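Single-structure report; data block below.
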Amino acid sequence: MMAASAAVVPADEDGYELWLRYRLIEDAGVRGTYAGALGRVFVQGAGTSMVLTAFELVRGLTGLLGAAPVLVSAPTAPGTLVAGVWAESATARGVVTAAQVEMAGPEGYVLASGVVSGVPCTVVTSLTAVGVLRGAFHLLRLVQTRKPVSGLSSVQRPANRLRMVNHWDNLNRTVERGYAGSSIFDWARLPQTESRYGDYARALASLGINGTVLNNVNASPTFLSTAFLPKVVALADALRPYGVKVYLSAYFDSPAALDPAIPNGDPGNPAVQNWWRVKANEIYAAIPDFGGWLVKAGSEGQPGPIQYGKTHAEGANMLARSLAPHGGLLIYRAFVHGGPSTWTEDAWREFKPQDGKFDANVVVQVKNGPMDFNPREPVNPLLGGLPGTNSMLELQVTQEYTGHSTHLCYLVPQWKEVLDFDTHAAGAGSFVRDIVAGTTFGYSRSGLAGVVNFGTDRNWTGHHLAAANTHGFGRLAWNPALSAQELADEWVTMTFGPDPQLRTVLTSMLLRSWQTYLDYTEVLGQGYLVHPLGDHFEPDMAQSQGWHRSDGSGAGFDRTRATGSGYAGFYAAPVAQTFESLASCPDELLLFFHRVPYTHRLRSGASVIGHIYDSHFAGLAAAIGLRDSWRSLAGRIDARRHAEVAQRFDQQVLWATVWRDHIVSYYFKLTRLLAGAQRWLQVELPAASTVLLGGQANQVTVSVGNATSNTVTAPVTVTVPGGWTALPGQISLGPGALGSTMVQVTPPLRPAAAQVSVTVSSTLQVLGATPQTVMVTPAASRCVLALDAGTDSSALLTGYARLSPATAWDAARGFGWSAGAPQSRDRGGDALRRDFCNDTTRRVLRIAVPAGLHNAYLLVGDRTVRCLPTIVTVNGAELARSQPLAANVFAWLQFNLDGGAAGRTFDLQLSSIPNEHWHLVAFVLLRAGV
Ligand code: GCV
């Protein structure tokens, strides 16, 4: 049942339908076969979920078959599709036995072909209406993927009881680690609902997801306020018919935050316990099937029981007891960590001693790895390490460390490795998939949670191909036995159609994308190679050194029991031994567990350093291969989606180059070893050289490395934007040598963020030559006012005046804060961008502007954290507003200030969106026309 490859380019699509696309089956014969089996629809059973079932079947079949199915009230003609709750459908009972439907359970369903009163029928049935709805989606999936619908006898019972998505969505609609626009939940407009909520629910229901946590685990207490409850009720009502329960993330100290009479969140305080009981009663009165609370406690600034001298079990149980009378769950995260040296040990040390002490309605939610969601980590030893505690697995669908919505990184192969990992926790065959399904230790509640990647972008996930991860997560939560190949092919076919060439190419792209990402970003399991506090997108080996530990004398972090942190010993004996021993530790996790010399040989025969170099060159080549494969699909995919994804692949190749160059150059600088198949030159603009003074010549240092076995003498050139001038430098470096040279760059006076690239004019390949952003700020001598904002003591840019929180308005000085001091931060780095003033409250910067028209420029950004808008208003009029900026991206805002005939002062009010920080890095005033 294959369709012919696309002869005409399909019509443009925006991706909104996700995998629920029901395009006409082109082959008339195939279409006829399906129409013959499913052309008549008989829905039996009452309630909203059954109405939705009928709606979905009609919608799907109409699209696929090109004609609406005939709705019938009895199976009197062959080819009737019967969808009914088993107890309410005599027809279903005629085909499906009680034993079958019981086997599927209340959440599952049965698809069966049979004959009723001589009439051949296809039956979708379940003990519940929601089960029938899920079955309807399954049946449509069969048609979408051109699978047979005859001879069906399929009992579908979910492997996991909890199949949840977690939103890290905030009150102001920002999304922590979200890369697809804003939060889909419009809290300001709720309880007014919108059609997108229904479409969201359909998408979840089609995968069998049965729970959603609506808000970020870094939770605002407001979500539990009484005033907020109607909003949650509205969403619960919208999602209920689709079988999706709502849960809320709860702030541990909510009682103190919401009730002025309660001093803290101490679980031992009866007033606190009572507050939670009353809160649970209030919520359940409004939402009788409310799922429960998810809690991040004692982690990354969130309060928790330890600060009150209580254990995690005591804290969790106190909360759980308020939910228990209502059948609610308390999901308690095990993500706790201290600094880099004990990071991987902390969760084990805090949770392992508590095993068996948690109440029955507590589920401990454990991330797949012990660090965070790095591209590769060993399986978290708490999975299998808590036999006496209900546990569930937390995966990250949103691509925090795996390329945001820029890189294609299909995570199902990674998740399969986790699910299929044998922990040996209860002897051989103790797979993670069975532990979280609850069967290994007899958990009463357990399952999977995925930090989801949905946002307000029209296609939900930013990158069209990122929806493959959403789909794969949901399907694995239902059935972890599905293979990555099956899931990739299913998603591709549902999302882009059944063209065989397209399916082959795109499925293969998905399946190799994680390994490709690992090859250009990762180093033998080291974990963090990004700035630990930042956006987790760009490489930053220097800032993550405490985590990866590689230095000139060796690579890796010793986590053995014998000589290291002892982490390897947390696993069950055979696994612990495998990781402990250098001889048996898998190479892909080598540097997570061991510290070795760079000359250490891997199983491939390559040295560690040779592997680091070669795998990163190969990774970039593979990323280019992904881009080329996508380009080869032009004409087989609608032009709009093809072009949008093609743009992302261009970016991916650019960033893969940045990653390769960063990692390879870093290790060459550390080791000066030549190894592997590649030889190259490397150039680098040290951070200080990426700030240029406008309107004057800058002597810029360029570092150069010669990773070849010959002496290299060559000019070092700079490509600059129009209106700039640049004079080259020259290097002469022996084999394996590092050196530097100066180039001269003169940008125009005006502030700008501009792209330059530095390279060595040589036939050798040059790493570090991709264009990079330099910041131009006017030479202070040419400015009316030049302020470097930040802390009281950090370095200042030459000639710039300090603007710190302590700089109160002073008429003689002509600038300063006029009503309350802001905060400041120092992130380290170059003098200009290292530090800034900031606040979540509006602050006023008063500026004396001399007579005449002036251009004001304000630099915003943060080296480590992304920035939401900084808004400048004067007398209520908005003069400038920055776009949201990724970490380490800076932008100049510009507006005019007219000093009139005699000069005047302006009060610049600085603010952001609610609860977010504005940023001020520098302020410059130039006379207009200069
Ligand atoms: C929700 C990491 C992420 C944080 C996230 C945290 C968590 O630290 O970078 O953004 O916060 O994990 O899972 O709680």
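Below, the figures for the structure above:
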read-out	value
Selection within the stretch 377-409 - surrounded by fewer than 24 Cβ atoms within 10 Å (Cβ to Cβ), over 15 Å from the mean Cα position of the chain (by Cα) and touching a residue at least 60 places away in the same chain (Cβ under 8 Å)	Glu377, Gly385
Conditions (1) within 16 Å of the ligand (Cβ to nearest atom); (2) at negative phi: number failed by Gly403	(2)
Qualifying strands (runs of 3 or more DSSP E) (wholly inside the stretch 609-728; at least 1 residues being surrounded by fewer than 15 Cβ atoms within 10 Å (Cβ to Cβ), at pLDDT 95 or above and at negative phi)	698-707, 712-719, 725-727
The stretch 287-306: number of residues that are farther than 17 Å from Thr222 by Cα, touching a helix residue (DSSP H, G or I) at 6+ places or on another chain (Cβ under 6 Å) and away from the ligand (no atom under 16 Å from the Cβ)	3
Selection from the stretch 317-364 of residues that are within 20 Å of Asn166 (Cβ to Cβ), away from the ligand (no atom under 16 Å from the Cβ) and in contact with a helix residue (DSSP H, G or I) (Cβ under 8 Å, 6 or more places away or on another chain)	Leu319, Leu323, Gly328, Leu329, Leu330, Phe358, Asn361, Val362
Matching residues in the stretch 479-489 - criterion: being surrounded by fewer than 22 Cβ atoms within 10 Å (Cβ to Cβ) and closer than 20 Å to Leu18 by Cβ	Asn479, Leu482, Ala484, Glu486, Asp489
Tally of residues being within 11 Å of the ligand (Cβ to nearest atom) and assigned to a loop (DSSP other than H, G, I, E, B) across the stretch 365-387	4
Residues being under 29 Å from the mean Cα position of the chain (by Cα) and farther than 25 Å from Ala426 by Cβ - total across the stretch 566-602	5
Residue satisfying condition, being more than 38 Å from the chain's Cα centre (by Cα) and within 24 Å of Phe895 (Cα to Cα), within set Pro778, Pro721, Pro748	Pro748
Members of the stretch 809-849 that are among the acidic types (Asp, Glu) and either modelled with pLDDT of 95 or more or surrounded by fewer than 16 Cβ atoms within 10 Å (Cβ to Cβ) (or both)	Asp810, Asp826, Asp835, Asp839
Count of residues meeting criterion [over 27 Å from Arg240 (Cβ atoms) and surrounded by fewer than 17 Cβ atoms within 10 Å (Cβ to Cβ)] in the stretch 34-57	1
Qualifying residue in the stretch 93-108 (condition: within 16 Å of the ligand (Cβ to nearest atom) and among the hydrophobic types (A, V, I, L, M, F, W, C))	no
Residue within the stretch 22-43 that is in a loop (DSSP other than H, G, I, E, B) and on the phi > 0 side of the Ramachandran plot present	no
Test for Ala256: is it buried (at least 17 other Cβ atoms within 10 Å of the Cβ), out of contact with any Leu (no Cβ under 8 Å at 6 or more places or on another chain) and closer than 30 Å to Ala477 by Cα	no
Test for Gln543: is it in contact with a Leu (Cβ under 6 Å, 6 or more places away or on another chain) and surrounded by 18 or more Cβ atoms within 10 Å (Cβ to Cβ)	no
Scope the stretch 148-185; condition hydrophobic (A, V, I, L, M, F, W, C), in contact (Cβ under 8 Å) with a residue 60 or more places away in the chain and away from the ligand (no atom under 16 Å from the Cβ); matching residues	Val149, Ala159, Leu162, Ile184
Helices (runs of 4 or more DSSP H) completely within the stretch 186-264 that count 3 or more residues being more than 16 Å from the ligand (Cβ to nearest atom), under 20 Å from the mean Cα position of the chain (by Cα) and under 22 Å from Arg458 (Cα atoms)	195-207
Only listed residue being more than 20 Å from Leu419 (Cα to Cα), out of contact with any Phe, Trp or Tyr (no Cβ under 8 Å at 6 or more places or on another chain) and without any contact (Cβ under 8 Å) to a residue 24 or more places away in the chain, chosen from Thr507, Thr493, Thr516	Thr507
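A quick yes/no check of all residues on (1) of a type in the set (Ser, Thr, Tyr); (2) within 30 Å of Asp359 (Cα to Cα); (3) out of contact with any helix residue (DSSP H, G or I) (no Cβ under 6 Å at 6 or more places or on another chain):
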site	(1), (2), (3)
Ser446	yes, yes, no
Asn453	no, no, no
Asn479	no, yes, yes
Met494	no, no, no
Gly497	no, no, yes
Pro500	no, no, yes
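Conditions tested, residue by residue: (1) touching a strand residue (DSSP E or B) at 6+ places or on another chain (Cβ under 6 Å); (2) buried (at least 18 other Cβ atoms within 10 Å of the Cβ).
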{"site": "Arg881", "(1), (2)": "yes, no"}
{"site": "Asn888", "(1), (2)": "no, yes"}
{"site": "Gln909", "(1), (2)": "yes, yes"}
{"site": "Trp918", "(1), (2)": "yes, yes"}
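The values are calculated or read from the model by the stated rules, or taken from the named source; none is laboratory data. Treat the numbers as computed from the prediction; the structure is a model and nothing was measured. All Cβ positions, glycine included, derive from the backbone under ideal geometry; neighbour counts span all protein chains shown.
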